[in-house]
Every structure is written in C-alpha cells, then in structure tokens.
Amino acid sequence: MGYVELNVLNNTAHLPAIGIDLGTTNSLAALWQDGRPQVIRASGETGILPSVVNIRDEGEPLVGRVARDQAVVDPENTVFSVKRFMGRGLADVAIDVATQPYHVSETERGLVQIKLHDRKYTPQELSGLILLKIRQDSCRALGVEGLRGAVITVPAYFDDAQRQATRDAARFAGIEVLRIINEPTAASLAYGLDQRGEGKVAVYDLGGGTFDISILSIEEGVFQVLATAGDTQLGGDDFDRVLIDLARAELADRMSPQELADPGFLQAVRLSAERAKIALTHDPETDFHMIVPETGLRWHRTITREEFEQRIDSLVARTLDACRQALSDSGLSTGEIEEIVLVGGSTRVPLVRRRVEEFFGKKPHTELNPDEVVALGAAAQAQVLVGGTRDILLMDVTPLSLGLETVGGAVAKLIERNSTIPCSVNEGFTTYADNQTGIDFHIVQGERELASDNRTLGRFKLTGIPPMPAGMARVTVRFHIDANGVLTVAAREESTGSRAEIEVAPMHGLTDDEVEEMLQASYEHAKEDFDARRVADLKAEIGTMQRATEKNLEAAERHLDKETYEEIGEALEAGRRIGSSTDLAEVQAVRDRIEAATLPLAAVLMNDVAKAAVAGKKLEEI
Amino acid sequence: MSTCPSCGVELETPLGCAACGALLELGADATPFEILGLPIGYDVDPTDLRKRLLRFSRLVHPDFYATADEALRSRAESGSAALNSAHEIVADDARRADWLLRALEGPSETDERQMPQEFLMEVLEWNEALEEARESAPGSGARSALTPLEETLNAERASVLAEVARSLSPTPAPGAPALTETRKRLNALRYLDRTLAEMRALRLEQAANR
C-alpha cells in the first residue's frame, strides 16, 4: 500500500479504501494489495457473507450465516434477497412478496417496509446492516480501526432510485461511498482485459436477483461502456422459484392453501429448491426433497437436469433478449465481440453457459470465481479513486433514458439511454399564467412513450419565481447524472438571476432529512428500547401494588393514622394518573411513592396475618 | 488556442492542461468543437475524435478527483459532462450537421418542416409497408419484408447524408440560402433514423417472441 498519498488534512488517508459487492444472495469485500485486488477474508474464512438479516426479539440484528440459520425456525423475521426491494414499490415486487413469510407494506411515497417483530424496516436499513457487518468484518480481518471509504457495486440496470437507496444504505452503515459502479464494468476490470490490448467485450452478469449485459470497448486502458441492458428482477432466485412452484403444485392435494403459504414451509421449500438447483449444476439428476418436522411433512421427487432446463428456458431466453437489445444499441454484431465474460453465481447453471456460447458463437471466460470477480473489480476502482493509479479509467453509461412528463402525459426525453456519464442537460421553461410563482415537474426514467408507463423518479415543484406576466420568466433547469449514475436537479430563474428552490420527493426512496432522522433514531434507539421496557415493567408493578392496596385498604383503615391513610390515597391517585406516560423518571417516582406510602399498611397487614393465625383463621379468609 | 493560466503551455482543450494537470473552469459559451480542440466544420476524423475523447477524459474525469475538495470535484463533474455531450454532438453526423446549421443561422426544424420533394413519394410507400408490418403477427410475410426495406432505407440514408456533407463542406457563409435545402435533408434524415429505429425495435420484438 505504498501508493497512498499522505494527506495531512485528512486523517483517514492511511486507512484502506475497499471494494464491496453488495449482492442479492452474497456480499463480499476486496482490497488492492501487493499490486492486485484480493478478497478480504479472516484466516480460515471464505469472506463471503450471505446477504441475510434476522432480527431478534430485542431488535438485535443477526447478519450472514447466523441469520440464515434462523430461516426455518424464525421465518417471519428473516429476510433474504433484500436487494430486490431496494428503491422499488410494492407493485414492482409483488412476485417476490407472494413467497415471503414476512409482512411487507408501503408508505404513501411508495417506500417498501418490512415488518420484523414490532418494527418496520426499510430495505435501505436492512442493506445497511449487511454493509455494517461487511465493514466490521473487513476492519477485523485487515486489523484496522476504520475505512477510508468504499466503492460499492450495483447492477448496471439499476435506476436512479435503486442507486440512491444503495447510497443511503451505506450511510446507515457509516461507510463513505467513494463511488457507485456497475457490476459488469467492475468485472471487466477484474479480468484485466486491458492487458490483452484493444477490443470489444461483452459481460454477461446473472446474479441472485438481477441480470445485466454490458458491451464495452477497451482501448488504451479506458474501459468504455457502449451499451447496457438488463432486468433488475431476474436472477437465480427466479430459478429457485420455478422449483418452489413445482413443489407447491405437486403438494397442492396434500396440503391446504394455508399450509402451502406457511412461513416455515416456504423457507424450507426455498432452501431445498436452492439445494436441488446447485446439485443439478454437476449431476444429471438429483433428489428434490423436503422434511418439515413441525408438520410431519415428508416429500421427495427426482428431478433431472433436462426437466429443470425446460422449466427455466424462458427465463434464460429473456436474458438473450436483453443481449440482443444491448448489441443493437452498441451498433455491433455478435461476430464483432472478441471476449465474453461470465459473472454471477447463476452463470454456473449449465444451460446458461450453453445458451450464451450459442448466442455469441464463442466460449466465454470463466477463469475467475464468478462470485468474487465483482468485488475484485470494485477494489481496483477504489485504488484508482484514492489516487493509487491512473492507468485505468472507467467510462460508464446511464442505462435508462431520463425525461419529463409533458402536458399531454407524454415524455420529453432529456437524456437518452446509454449516454456516457457524467452528463448534464440544461432545459428552459417558462410560466403559462400571469404571476405564476411555481412550476410542477414529473421526472421519469424509462423507454416508454407515456409518462405513466415509465418509472417515476420524483416530482418536484420549482418555487420562488418572481411574479411577472405569463411567458416572461425564463427558468433553466439543469439535470445532471453524476459519475455514480445518480441524478441531481438544480434550477435558476434567468431574468432575475434568482436561484429557485427545488424539493424533490423521491418515489420509493428516502429524503436526506429522513435518512438523518433515522440515523439519529438508531443512535437513540438502544437507550429508548431499554427505557421503554423499564417503563412497562414499572407500570406492571404499579398495577399490582394498586390492586393489592385497594383490596386491603378498607379493612386496615382503622389501624392507620389519618396522614398515612391520605398519603396512600394520593399515591394511588398518582398511579392512576400515570396513564400512558413513557417518562422513565416520572413512572419510577410514582412507583417509589406508592411503595413508601403503603409500607405502614403492609406492617398492619402483617400484624393482621399474625393475629388471624392465632385466632385459627385461614390466611385466605383475611 | 489559448494558453494554460498555470503553466503557460498551449492548451489543446479549454477543459484542462495535459502538461501541468490543471483542471480549468469551462466558460458557459464554449462550443462542442472548442471543447474537443477542433476547428468548426463538418469534416471530422472519427478515429481522431475518439482518441480526443479518451485523452481529455483522462484529464477531467471525476474518478481522478474523488479525494479532491468539493470545488474541484464539481468542476471535474461538469467538465466531464461537457466533454461527453460535446463528443455526442460531434460524433453523430446528423447532430453535428444540425449544430452547424444553427451556428450558421440557418433555419431550424420548426422554421422549415419540409422534406425534399423527391423524397415524399417514397415516404408514403415506406410508411405503408411499415404500418403493415407493425400490425401483422411476428413471423408473417409482412414482417420478413422488413429486411429488404431496411436495406433500402439504409442506402437512402447514406445518400442523403452524403448530400448533407457536400452542402456543409466547405462551410457555407452564415445565412446562406442553400442552408434551407440542407435543413430539408436533415428532416429527411430524422425521418429515416426514426423509421430505422422502429424497425430495429420490431426486429428485437420478433426475436423475443420467437
């Protein structure tokens, strides 16, 4: 690590800048060491962290293998594949939600929330927990106290909301994001394809939940993406689902609809589907089986690779449609592609390899571990960003066109898909009514003609335009897609030079204020949780004391002096008034007052017990 | 060509200085040609243009300023964005011609909406064939008739583009009456590009429905 410049102003300069592959199924980190990127792993470990989160009763999170182990015993509170929910609305993820055992809802701005125990979590927070664990594990393995920052990868086809959600997740994990880069681009970097000279390369990346195809031109160390296409809801999870549906269909006559939707059953079938899929990579047939001890369910059947391939063929065909699209956009034919790189665990499926080879007419590269290649590329990019090397440069593109809704509901495209980023466009607008001080905008991303058929990135209102006759105001709005692929919007009123304000309420996302608030809440959360439990305990105690006192007070009244009697009454009254107070100090004080006030009563009662015993009465008759 | 304010060396691009590495503030009125260090004109060598994009990207790309202060980072973002959009305009024959036409105060596409006369009859024919293909089922005869049509349109595009190139090089005088004819040809070019894009989409759709 002798390349890092010493920066006296920045005391994190000596800390490592890592690359993180935040995957649907697995996540891992890598670091540039000794002239090449290497996976960060503690000795004896793989470094691979399953992207699974389980929330315990007390709100304590488990992440990784330990969380996955909870899948069958605590399915309602165990979340797999949270990446598929990032920056999405409920309608987008309906197919995923249908087979999830936990409860998923949506806020009015379309932000998905997952209920685990009695708290709702956003996908950003859950991904943040995975990133936090990656951060902690990396620091431990590297023996450092912190990180300078990280390059985090996302599918190339991720839209603005999904990229922003990833950035917000990093904030929850306390990670400084050096850059968000695209997974296929990172993979091409890891392969060091620039060392082979100039050429055109296709990266086919089929992960657990997403598919990307990127066509790159490599020249003089510059990796320039020419076109990208994909599907952010297509991956190995969908291969699993094919098998899950098969099992559920065959079990339909043995189980009730409720049993088929049972969380424990769903997790069990999901795990055995995954097992069968993996086995079929090497074996021509395998045993697809399930045992759920709780219900006494035993089921098994043999599945051949041929049958599995028939069932997933249409899914694989969808990836090839995207390949055709990307080739068409790049203006190239399959014959002009010199190298093909396979990335993502799902490219281990033999059918996928066969179809890709048939399509491009060439044997794809599979030398590097498809699970590690993305993190390795991210680490190489991190090395560039901290100034370690200028030999390589990534020039990526925006995967989707950006536009504004016009008056008729159509889309006016501002930035075409596959434009090299960073890119910006300035667009002029004016007012249509006298003294109009605001203009409404609806920003969409996608390729369809109608605004309503595309994805809404946000709506914003431009305010603060000085009052003037219609058509006189000249407002310039600047849309800028930065090197992370994230959109920012700025506006200026030209005739007066005043800067107009913009508030963008992101769809399926969090505002900066919301992230800040949630971060604050999580700092205070631990203490709050503790306090809340203590208040609840104290209130229960007050209730017990009240009932006991009220029951005995009448009988004991004649043994108590007036002052003591009145104090008991007042203390009980204070107990009744405490109602829904959550103030720990206040509740504690009331509880202590009741205890102190009723001490004399307790003494009298004890005395009565003694007398009763002498009189031969039974205790319960007192 | 101006010189670098920090080291005095002659600049190839106003974006920055290759000699001393200074990242410069780009003026709001810099033209795409100026940004790419090229003289204004229709004739451009695509290989040279591409080398310029890569060379200048190495000067201004935000990746090389990731740990710099906010002001420098944002200068790299906007400089890089300006370079990319300049390249997009200059690298695309139709967009480069359109930019020149505007710079030469020729008619815009709203001032002059016509296409060349000889072109119109053919457009009617092509539209009909395309309409038929659009409404027919994938795999039908009308769909397979698209391939020869696409070839015809591509040949037509090449000939229209050649006429545009002839009319713009050498660069005509600003406001020259001949610019109206060039605009009409650009309108034809736009029609051809839109139609060809739709044919590509239909072809992809057909492959997807296989």
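Could you tell me whether B:ASP48 is part of a helix (DSSP H, G or I) and away from chain A (no Cβ under 13 Å)?
Numbers: part of a helix (DSSP H, G or I): yes; away from chain A (no Cβ under 13 Å): yes.
Judged against the criteria, B:ASP48 is a match.
How do the strands (runs of 3 or more DSSP E) wholly within segment A:49-128 filter down when requiring 1 or more residues that are among the acidic types (Asp, Glu): which remain? Explain how you work it out, then say what you get.
Values: elements: A:53-55, A:61-63, A:103-106, A:112-116, A:119-121.
Ranges flagged: A:103-106.
If we scan segment B:99-119, do we find a residue that is within 14 Å of chain A (Cβ to nearest Cβ) and either among the charged types (D, E, K, R) or closer than 30 Å to A:HIS480 by Cα (or both)?
Pass one, segment B:99-119, residues within 14 Å of chain A (Cβ to nearest Cβ): none.
Within segment B:99-119, not a single residue is within 14 Å of chain A (Cβ to nearest Cβ) and either among the charged types (D, E, K, R) or closer than 30 Å to A:HIS480 by Cα (or both).
State whether the residues of segment A:71-86 include one that is basic (Lys, Arg) and closer than 14 Å to A:GLU125 by Cα. Can you show your working first?
Restricting attention to segment A:71-86, the residues satisfying the condition of being basic (Lys, Arg) are A:83-84.
Now drop any that are not closer than 14 Å to A:GLU125 by Cα, which leaves A:83-84.
Yes, the conditions are met somewhere in segment A:71-86.
I want to confirm something. Restricting to segment A:170-220 and keeping residues that are under 18 Å from A:ALA380 (Cβ atoms), over 17 Å from the mean Cα position of the chain (by Cα) and among the β-branched types (Val, Ile, Thr), which single residue is surrounded by the fewest Cβ atoms within 10 Å (Cβ to Cβ)?
A:ILE218
With respect to the numbered conditions (1) β-branched (Val, Ile, Thr); (2) out of contact with any strand residue (DSSP E or B) (no Cβ under 8 Å at 6 or more places or on another chain); (3) modelled with pLDDT under 95, which one is the sole condition not fulfilled by A:ILE312?
Every listed condition holds for A:ILE312 apart from (3).
Out of all the residues in segment A:345-363, which are over 14 Å from A:LYS277 (Cβ atoms) and not in a helix (DSSP H, G or I)? Talk me through it step by step, then tell me what you get.
Pass one, segment A:345-363, residues over 14 Å from A:LYS277 (Cβ atoms): A:353-363.
Within segment A:345-363, A:GLY361, A:LYS362, A:LYS363 meet the criteria.
Could you figure out which of (1) of a type outside the set (Gly, Ala, Ser); (2) assigned to a loop (DSSP other than H, G, I, E, B); (3) farther than 30 Å from A:VAL201 by Cβ isn't true of A:LEU332?
Condition not satisfied by A:LEU332: (3).
Matching residues to (1) more than 30 Å from A:GLN33 (Cβ to Cβ); (2) in contact with a Pro (Cβ under 6 Å, 6 or more places away or on another chain); (3) surrounded by 14 or more Cβ atoms within 10 Å (Cβ to Cβ):
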{"position": "A:ALA379", "(1), (2), (3)": "no, yes, yes"}
{"position": "A:TYR432", "(1), (2), (3)": "yes, no, no"}
{"position": "A:GLU447", "(1), (2), (3)": "yes, no, yes"}
{"position": "A:ASP453", "(1), (2), (3)": "yes, no, no"}
{"position": "A:LYS461", "(1), (2), (3)": "yes, no, yes"}
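Condition (residue is within 22 Å of A:LEU216 (Cα to Cα), in the same structural domain as A:ILE95 (by TED's automatic domain parsing) and not in a helix (DSSP H, G or I)) applied to segment A:308-323: is it met by at least one residue?
no
For a quick check of your reading: which strands (runs of 3 or more DSSP E) sit entirely within segment A:185-237 and have at least 2 residues that are within 13 Å of chain B (Cβ to nearest Cβ)? If you could, list the steps in order and put the result at the bottom.
Details: elements: A:199-206, A:211-219, A:222-231.
Output list reads A:211-219, A:222-231.
Residue-by-condition table, conditions (1) within 13 Å of another protein chain (Cβ to nearest Cβ); (2) touching a Phe, Trp or Tyr at 6+ places or on another chain (Cβ under 8 Å):
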{"position": "A:THR295", "(1), (2)": "no, yes"}
{"position": "A:THR302", "(1), (2)": "no, yes"}
{"position": "A:GLU309", "(1), (2)": "no, no"}
{"position": "A:ARG324", "(1), (2)": "yes, no"}
{"position": "A:LEU327", "(1), (2)": "yes, no"}
{"position": "A:GLU336", "(1), (2)": "no, no"}
{"position": "A:GLU358", "(1), (2)": "no, no"}
{"position": "A:VAL373", "(1), (2)": "no, yes"}
{"position": "A:GLY388", "(1), (2)": "yes, yes"}
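Restricting to segment A:140-158, name every residue that is buried (at least 23 other Cβ atoms within 10 Å of the Cβ) and either away from every other protein chain (no Cβ under 14 Å) or on the phi > 0 side of the Ramachandran plot (or both).
Residues satisfying the conditions are A:THR153, A:VAL154, A:PRO155, A:ALA156, A:TYR157, A:PHE158.
Listed here are the residues, each with its yes/no results for (1) within 14 Å of chain A (Cβ to nearest Cβ); (2) part of a helix (DSSP H, G or I); (3) crowded, with 16+ Cβ neighbours inside 10 Å.
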{"site": "B:SER167", "(1), (2), (3)": "no, yes, yes"}
{"site": "B:PRO172", "(1), (2), (3)": "no, no, yes"}
{"site": "B:PRO177", "(1), (2), (3)": "no, no, no"}
{"site": "B:LYS184", "(1), (2), (3)": "no, yes, yes"}
{"site": "B:THR195", "(1), (2), (3)": "no, yes, yes"}
{"site": "B:ALA201", "(1), (2), (3)": "yes, yes, no"}
{"site": "B:ALA208", "(1), (2), (3)": "yes, yes, no"}
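Identify all residues within segment B:26-45 that are of a type in the set (D, E, K, R) and outside any loop (DSSP other than H, G, I, E, B); write none if there are none. Break it down stepwise before answering.
Filtering segment B:26-45 down to residues of a type in the set (D, E, K, R) leaves B:29, B:34, B:43, B:45.
Once the filter is applied, which keeps residues that are of a type in the set (D, E, K, R) and outside any loop (DSSP other than H, G, I, E, B), segment B:26-45 yields only B:GLU34.
If we keep just the residues of segment A:446-490 that are of a type in the set (Val, Ile, Thr) and over 36 Å from the mean Cα position of the chain (by Cα), which is nearest to A:PRO155 (Cα to Cα)?
So in segment A:446-490, the residues of a type in the set (Val, Ile, Thr) come out as A:456, A:463, A:465, A:475-477, A:481, A:486, A:488-489.
If we keep only those that are over 36 Å from the mean Cα position of the chain (by Cα) as well, we get A:465, A:475.
Values: A:ILE465: 39, A:VAL475: 35 Å.
Once the filter is applied, the top-ranked residue is A:VAL475.
Mind checking which residues of segment A:25-37 are touching a strand residue (DSSP E or B) at 6+ places or on another chain (Cβ under 6 Å) and either farther than 19 Å from A:GLY209 by Cβ or surrounded by fewer than 19 Cβ atoms within 10 Å (Cβ to Cβ) (or both)?
A:ALA29, A:ALA30, A:LEU31, A:PRO37
Give just the number: which of (1) without any contact (Cβ under 8 Å) to a residue 24 or more places away in the chain; (2) touching a strand residue (DSSP E or B) at 6+ places or on another chain (Cβ under 8 Å); (3) polar (S, T, N, Q); (4) in a helix (DSSP H, G or I) does A:THR302 not satisfy?
It is condition (4) that A:THR302 fails.
B:ALA68 fails exactly one of the following numbered conditions: (1) away from chain A (no Cβ under 14 Å); (2) under 30 Å from A:GLU176 (Cβ atoms); (3) assigned to a loop (DSSP other than H, G, I, E, B). What is the number of that condition?
Just one mismatch for B:ALA68, condition (1).
Quick check on segment A:257-278. Is at least one of its residues farther than 24 Å from A:ALA71 by Cβ, among the polar types (S, T, N, Q) and surrounded by fewer than 22 Cβ atoms within 10 Å (Cβ to Cβ)?
The initial filter retains those residues of segment A:257-278 that are farther than 24 Å from A:ALA71 by Cβ, namely none.
The answer is no, given that none of the residues of segment A:257-278 is farther than 24 Å from A:ALA71 by Cβ, among the polar types (S, T, N, Q) and surrounded by fewer than 22 Cβ atoms within 10 Å (Cβ to Cβ).
Can you find, within segment B:84-110, the residue that is nearest to B:ARG185 (Cα to Cα) among those that are assigned to a helix (DSSP H, G or I) and among the polar types (S, T, N, Q)? Give the derivation first.
Looking only at segment B:84-110, we keep the residues that are assigned to a helix (DSSP H, G or I), and these are B:84-91, B:93-103.
With the extra rule that they be among the polar types (S, T, N, Q), the set shrinks to B:84-85.
Numbers: B:ASN84: 27, B:SER85: 24 Å.
Filtering first and then ranking leaves B:SER85.
May I ask you to list the residues in segment A:390-420 that are in a loop (DSSP other than H, G, I, E, B), facing another protein chain (nearest Cβ under 10 Å) and within 21 Å of A:THR456 (Cβ to Cβ)?
A:GLU416, A:SER419
Somewhere in segment A:486-506, is a residue within 14 Å of chain B (Cβ to nearest Cβ), touching a residue at least 12 places away in the same chain (Cβ under 8 Å) and closer than 26 Å to B:ALA91 by Cα?
Yes, segment A:486-506 contains at least one residue that is within 14 Å of chain B (Cβ to nearest Cβ), touching a residue at least 12 places away in the same chain (Cβ under 8 Å) and closer than 26 Å to B:ALA91 by Cα.
Against the definition (farther than 24 Å from A:ALA17 by Cβ, under 15 Å from the mean Cα position of the chain (by Cα) and within 12 Å of another protein chain (Cβ to nearest Cβ)), how does B:SER78 come out, yes or no? Talk me through it step by step, then tell me what you get.
Values: farther than 24 Å from A:ALA17 by Cβ: yes; under 15 Å from the mean Cα position of the chain (by Cα): no; within 12 Å of another protein chain (Cβ to nearest Cβ): yes.
For B:SER78, the condition - farther than 24 Å from A:ALA17 by Cβ, under 15 Å from the mean Cα position of the chain (by Cα) and within 12 Å of another protein chain (Cβ to nearest Cβ) - is not met.
Please go through segment A:35-53 and give me each residue that is within 26 Å of A:GLY192 (Cα to Cα), among the hydrophobic types (A, V, I, L, M, F, W, C) and under 23 Å from the mean Cα position of the chain (by Cα), ordered by number.
A:VAL39, A:ILE40, A:ILE48, A:LEU49, listed by residue number.
Could you please let me know if B:ARG190 is over 17 Å from A:GLY331 (Cβ atoms), within 14 Å of chain A (Cβ to nearest Cβ) and either loosely packed, with under 12 Cβ neighbours inside 10 Å or at pLDDT 90 or above (or both)? Talk me through it step by step, then tell me what you get.
Values: over 17 Å from A:GLY331 (Cβ atoms): yes; within 14 Å of chain A (Cβ to nearest Cβ): no; either loosely packed, with under 12 Cβ neighbours inside 10 Å or at pLDDT 90 or above (or both): yes.
Considered against the rule, which asks whether it is over 17 Å from A:GLY331 (Cβ atoms), within 14 Å of chain A (Cβ to nearest Cβ) and either loosely packed, with under 12 Cβ neighbours inside 10 Å or at pLDDT 90 or above (or both), B:ARG190 comes out as no.
Tell me yes or no: at least one residue of segment A:218-233 is touching a Lys or Arg at 6+ places or on another chain (Cβ under 6 Å), touching a residue at least 12 places away in the same chain (Cβ under 8 Å) and among the hydroxyl-bearing types (Ser, Thr, Tyr). So that I can check it myself, show each step before the final result.
At the first step, the residues of segment A:218-233 found to be touching a Lys or Arg at 6+ places or on another chain (Cβ under 6 Å) are none.
Within segment A:218-233 (the criterion being touching a Lys or Arg at 6+ places or on another chain (Cβ under 6 Å), touching a residue at least 12 places away in the same chain (Cβ under 8 Å) and among the hydroxyl-bearing types (Ser, Thr, Tyr)), the answer is no, since none of the residues qualifies.
The values are calculated or read from the model by the stated rules, or taken from the named source; none is laboratory data. Keep in mind that what you see is a predicted model, and the values were worked out from it rather than measured. Backbone-built Cβ (ideal geometry, glycine too); neighbour counts: all protein chains shown.
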